[in-house]
């Protein structure tokens, strides 16, 4: 999956486009709910940051996930890693060039649901 395909998936599913809140960084895109809460963070990083023996730049996306799912797939499912640069208990990193679209779509849905605003009861 390419970064462009990921961005199209997010837009087609949730009608959300990335914003770029980091000064002078027009590559790292944040996908947010209307409340402003993040549900995905798309970045371009060196493969070495995921434990590979290469400095090639790759597109990845960080997604929120239940800890038990992270435990069961990180390092086992191709392209799924403990989160780069975020809380490794609640976030994971998907390498877009390694993951299939179905896996990314499934994880995106989980992240979206986990981060949406809760309805407060009176």
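For the chain, the spherically averaged projection of the C-alpha convex hull amounts to 8.3 nm². Most fluctuating residue of 28, 103, 13 in a GNM of the chain with Cα springs under 10 Å: which is it? The residue that fluctuates most here is 13. Distance from the Cα centroid of the stretch 94-114 to that of the stretch 35-89 is 10 Å (rounded to whole angstrom).
Modelled spin-label separation between residue 54 and residue 23, with each label point placed 7 Å from Cα along the Cα-to-Cβ direction: 3.4 nm.
Arranged from fewest to most other beta-carbon atoms within 10 Å of their beta carbon, 72, 35 become 35, 72. Specify whether the C-alpha gyration tensor of the stretch 25-94 places it in the rounded, prolate or oblate class, a ≥ b ≥ c being the square roots of the eigenvalues: rounded for a/c under 1.5, otherwise prolate if a/b is larger than b/c and oblate if not. Oblate shape, in that a/c is at least 1.5 and b/c is the bigger or equal ratio.
Here the residues 10, 16, ranked from fewest to most Cβ neighbours within 10 Å of their Cβ, fall in the order 16, 10. Between the Cα long axis of helix 3-14 and the first principal axis of the chain there is an angle of about 20°, rounded to the nearest 10. With neighbours defined as other Cβ atoms within 10 Å of a residue's Cβ, the residues 38, 106, 91 order from fewest to most as 106, 38, 91.
Using bins 5 angstrom wide from zero, how does P(r) for the stretch 1-61 break down, in % of all Cα pairs? Whole-percent P(r) values from 0 Å outward: 4, 17, 25, 23, 17, 9, 4, 1.
Values quoted throughout were computed directly from the atomic coordinates according to the rules given, and no laboratory measurement underlies them. All values reported here derive from a predicted model rather than from experimental measurement. Backbone-built Cβ (ideal geometry, glycine too); neighbour counts: all protein chains shown.
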